[in-house]
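The values are calculated or read from the model by the stated rules, or taken from the named source; none is laboratory data. Since we're looking at a predicted model, the values are computed, not measured. Quick reminder, even Gly has a Cβ in these numbers, built from the backbone with ideal geometry, and neighbours come from all protein chains shown.
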Amino acid sequence: MKRFAAVAALALFVVAPLLAQAPKGWMVRADRSTSASDPDGAGTITFVTMGTGFHATNPQAAVYWNPANTATGNYSVKGTFTLVKPSGHTNYYGLVFGGSALEGAKQAYTYFLVAQDGTWLVKRRNGDVATENVLPKAASDAVKKPGADGKSTNELEVRVGTDKIDYVVNGTVVGSSPKNGITTDGVYGIRVNHLLEVHIDGLSKK
């Protein structure tokens, strides 16, 4: 297992192949909170094959990816995310795309996420220190909130076109951004923030 000291004060991270019961070829990068007001939960991250998809249990935040899963040019990436266990406060989960160097200090990717409070956001990570808003947090009726059982299911899709990127929740375009300035070629995968349990089906590219 490789360990790196994070440059930022926001988190420490660990990158490792996943355990034997996890999907073959997948990797995890754990982002460990150093915030006293928003600590991680107890226990270890698990990411396993379940049914036709994957199941992530996240006491700490993590990015999951298979280096074989890449997309270039004009494409769409989608996945169906079922929030099985929400946290006690707002935490986000969803798609990663345009990823590179995910195992090291020069990690870069864009992420399109939703949360249990019905909001969504798009951010770009450039290395361990910097994240920037592509589209800031916003509420949308398209984002399903947990029901009485605490569960909710949202299909997320990123549509990369020639000049713009559309961000789609349950078939509704909730926002768009210019493609210029955003690296879209690269690895796609999943991000789940801490204190969440999420099931993912249908992760695919076309």
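Structure values in brief
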read-out: Any hit, segment 68-89, residues being of a type in the set (S, T, N, Q), crowded, with 20+ Cβ neighbours inside 10 Å, assigned to a loop (DSSP other than H, G, I, E, B) and modelled with pLDDT under 95; value: no
read-out: Unmet requirement for PHE54, which otherwise passes all of (1) more than 17 Å from the chain's Cα centre (by Cα); (2) at pLDDT 95 or above; (3) among the aromatic types (Phe, Trp, Tyr); value: (1)
read-out: Residue check for ASP166: among the acidic types (Asp, Glu), surrounded by 15 or more Cβ atoms within 10 Å (Cβ to Cβ) and closer than 19 Å to SER76 by Cα; value: yes
read-out: Candidates SER152, SER140, filtered to the one that is surrounded by 18 or more Cβ atoms within 10 Å (Cβ to Cβ), touching a Phe, Trp or Tyr at 6+ places or on another chain (Cβ under 9 Å) and small (Gly, Ala, Ser); value: SER152
read-out: Given (1) within 29 Å of GLY25 (Cβ to Cβ); (2) modelled with pLDDT of 95 or more, number of the condition SER177 does not satisfy; value: (1)
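Here is a yes/no grid of residues against (1) within 18 Å of TYR64 (Cα to Cα); (2) over 17 Å from the mean Cα position of the chain (by Cα); (3) among the acidic types (Asp, Glu):
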| site | (1), (2), (3) |
| --- | --- |
| ALA148 | no, yes, no |
| ARG159 | no, no, no |
| VAL168 | no, no, no |
| ILE182 | no, no, no |
| VAL198 | yes, no, no |
